[in-house]
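Before any comments, here is the structure.
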């Protein structure tokens, strides 16, 4: 009777571990998807930031000269142009900050995935042990 109870208990443990393994696989898949989405977003922002900085360099390098502009029109254009350059700079900073946050989230997602993988490996070891115990209990 004790062997049957032990075998029954081991089978219940095995079922619980199987559920845990299924949950771990789902967590790993979700984490992998999240890592990929964040990686794609980070790479896209890298490209956009480089393009934006190129535009900003062009803006910063533009000069209003007396040969092209004069008087009130020159002052109005210069003021608007400087304002535009300032806004592009602010947008660059905001975009860079967003990318930094995405990169931090990406690192967190990678760590979460690594923990889920490690948990799954531990469940595999536990499953092997339980299956060995079940085999031994059946032999008794």
Answer label for Kirkwood radius over Cα pairs in Å (calculated), chosen among [x] 20.4; [y] 15.1; [z] 16.4
[x]
Going 7 Å from the Cα of residue 110 in the Cα-to-Cβ direction, what parts of region 21-45 have a backbone nitrogen less than 11 Å from that spot?
39
Cα long-axis angle, helix 2-61 against the chain (0 to 90 degrees, to the nearest 10)
10 degrees
Let me check against my output: what whole-number percent is the relative contact order of the chain, with C-alpha pairs under 8 Å and at least 6 apart?
58 percent
For residue 83 and residue 126 in one chain, what is 0.36 nm times their gap in residues minus the Cα-Cα distance, to one decimal in nm?
9.0 nm
How large is the helix-only mean residue ellipticity at 222 nm for the chain, computed as the sum of -39500 (n - 2.57) over DSSP H runs with n ≥ 4, divided by its residue count, in deg cm²/dmol to the nearest 500?
-35000 deg cm²/dmol
Can you give the angle from 0 to 90° between the axis of helix 71-139 and the longest principal axis of the chain, with both taken from C-alpha atoms, to the nearest 10?
10 degrees
Least to most buried among 81, 120, by other C-beta atoms within 10 Å and fewest first, runs 81, 120
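Read-outs throughout are calculated quantities, based only on the coordinates presented, and are distinct from any laboratory measurement. Not measured: the values here are computed from a predicted model. Positions of Cβ are generated from backbone atoms using ideal geometry, with glycine treated the same way; all protein chains shown enter the neighbour counts.
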